[in-house]
1. Working only within the stretch 399-429, note down all residues that are touching a strand residue (DSSP E or B) at 6+ places or on another chain (Cβ under 7 Å) and not polar (S, T, N, Q).
2. Please work out which residue is modelled with the lowest pLDDT, limiting yourself to the stretch 158-208 and to residues that are under 20 Å from Met235 (Cβ atoms) and among the basic types (Lys, Arg).
3. Is it true that Thr456 is of a type in the set (Val, Ile, Thr) and touching a residue at least 12 places away in the same chain (Cβ under 8 Å)?
4. If the requirement is being closer than 18 Å to Ser315 by Cβ, surrounded by 15 or more Cβ atoms within 10 Å (Cβ to Cβ) and among the aliphatic types (A, V, I, L, M), which of these qualifies: Val448, Val407?
5. Would you check which residues across the stretch 442-458 are of a type outside the set (S, T, N, Q) and touching a helix residue (DSSP H, G or I) at 6+ places or on another chain (Cβ under 8 Å) and list them?
6. Given Asn250, Asn271, which one is polar (S, T, N, Q) and modelled with pLDDT under 95?
7. Show me the helices (runs of 4 or more DSSP H) entirely contained within the stretch 400-470 in which 2 or more residues are more than 22 Å from the chain's Cα centre (by Cα).
8. For residues in the stretch 222-256 being in contact with a helix residue (DSSP H, G or I) (Cβ under 8 Å, 6 or more places away or on another chain) and not in a helix (DSSP H, G or I), which is nearest to Pro411 (Cα to Cα)?
Amino acid sequence: MHTKPKAKATHIATKTDTREATQRVLLILLVFALVIVTRDAHLRFQNLWKKGFEIISAVDKIEESKAEKRVSNNYTRSIREGDTTVEQLPLLTAPPLQLPLTTVASTEAPLRVTNLVQNGPDLGKKELDQLIQNMSVYEYRACCGLGHRLVRQAAAYHAAHKLGHRLNVNWGFCDPSNKSQDIFDELFRPENITELQTYVTSYERGEFHFAANEVPGYIKTKQCNPENLESDYNMYTELRSRYRKRDLVNAFVQANFAGKLVLGIHIRAGNGETGDFTKKNRGISSPEAYTRNVSNHILTFLNQAKKHDGQQPLSPPVLYIATDTARYIDLFRKELEGKIPVVHWEQEKEAEGSGVFLGQEQKKVDKDKCLQKWNDMLIDAMLLASADVLIAGQFSSFSQAIPFALVMGRPRNERKVPQAFCELSFEAIEFDCHEDKVEWCKNTKHKVSLRTLNPTNGWESFLKHYGMEQ
């Protein structure tokens, strides 16, 4: 009677032990499985990480390839659409700057463009493709405000011509989600096909290099190189002739400047801009006092100025104002009422005190408004460049770009007054005028934003940066 309960207890114990053992085995198998899965996931993650870097590298290469193809596509599109002639405008003109190459010549002579452009617009697709394939390209990728990018683009222009490369310009997009056309291409038409002969290198085929913002080997210095100044003049002359809204500029000049002594002033007051602009103390503390001082300087300048041949009186004056702060237009009209008429380019200004379009924090606007802002800035620059006397209200690369180059590049025997560029000190206390570009660069009391090839080792540094050392 006692043996049966013992047997039953043993049976129960054995069953419990088996279940626990099974659970332990399952737990061990589960842990083992998790280890395998985790290890596999880790390996997968490593592979994905590695693959990500490979994709990023591949995208970079694709972007460079697209940049090269964009050159070809832009030319093909413009030529197929018949955009092959340059309108002759009553503006200053100059041939492309011819600079000697300082690199080693290739033993294999590239296809000479002069052999392809003899037929002009009848250039066939095969010949055009050959032409494009033989172009070497130097691409400039810009940033920031108009003056900032133009003075640096001028350095890229000089370097590209010195290399014998075509300069391709990238200004970004008004609508980043629709990269169909670069801002620069929206504003300027392509070069004439006959201008391509400047861009085929005489020592190497199909080269592609680029610079972003600054160009290696070029610096700010008061030892301006006449070669760079001449190159700047050529680039800005070319841009003026290619500007898509040049008819608006010419119409304004005809209506407001004809028969007048035009004084053009650029006032970079900031319109409440903060950040770097404020840190550099570039604002104007008292707009009324500033306007009064500038007006007195202008009236004194006109009283003292004489036509440089000493025979004819000065033409009636007119003051053109380009400014980022709208209130200065009314201030100058009030101050100069009955003395000098004041004109400006009608445009939508930013609300008072809200900064500027291309300030530290760029405002998000739709594409049409974005392009209109760019055009307003360029028209202001082109109209300042049409003045007889350019006045820099205070330091700004905007004044030293298109306006300075074209006003001071005008031959002296074509000027109405010899001193064509004047600068105002902080708060307009001093007023200094100049008649020579190199003299200004050396003696100006203000900063120089123009880029010049470093006279010490600039070109060697440029070539070394791109692995093109001699």
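1. Pro403, Phe404, Val407, Met408, Lys416, Val417, Ala420, Phe421, Cys422, Glu423, Leu424
2. Keep residues of the stretch 158-208 that are under 20 Å from Met235 (Cβ atoms), which gives 158-172, 182-201.
Still in the list and also among the basic types (Lys, Arg): 162, 166, 189.
Working: Lys162: 91, Arg166: 82, Arg189: 89.
Taking the candidates together, the pick is Arg166.
3. On the way: of a type in the set (Val, Ile, Thr): yes; touching a residue at least 12 places away in the same chain (Cβ under 8 Å): no.
For Thr456, the condition - of a type in the set (Val, Ile, Thr) and touching a residue at least 12 places away in the same chain (Cβ under 8 Å) - is not met.
4. Working: Val448 fails: closer than 18 Å to Ser315 by Cβ.
Among Val448, Val407, only Val407 is closer than 18 Å to Ser315 by Cβ, surrounded by 15 or more Cβ atoms within 10 Å (Cβ to Cβ) and among the aliphatic types (A, V, I, L, M).
5. The initial filter retains those residues of the stretch 442-458 that are of a type outside the set (S, T, N, Q), namely 442, 445-448, 450-451, 453, 455, 458.
The answer is Val448, Leu450, Arg451, Leu453.
6. Values: Asn250 fails: modelled with pLDDT under 95.
Going through Asn250, Asn271 in turn, just one is polar (S, T, N, Q) and modelled with pLDDT under 95: Asn271.
7. On the way: elements: 402-408, 437-443, 458-465.
Answer list for the stretch 400-470: 437-443, 458-465.
8. Cys224
The values are calculated or read from the model by the stated rules, or taken from the named source; none is laboratory data. It should be emphasised that the depicted structure is a prediction, and the values quoted were computed from it without experimental measurement. Because the Cβ atoms are built from the backbone with ideal geometry, glycine has one as well, and the counts that use them run over all protein chains shown.
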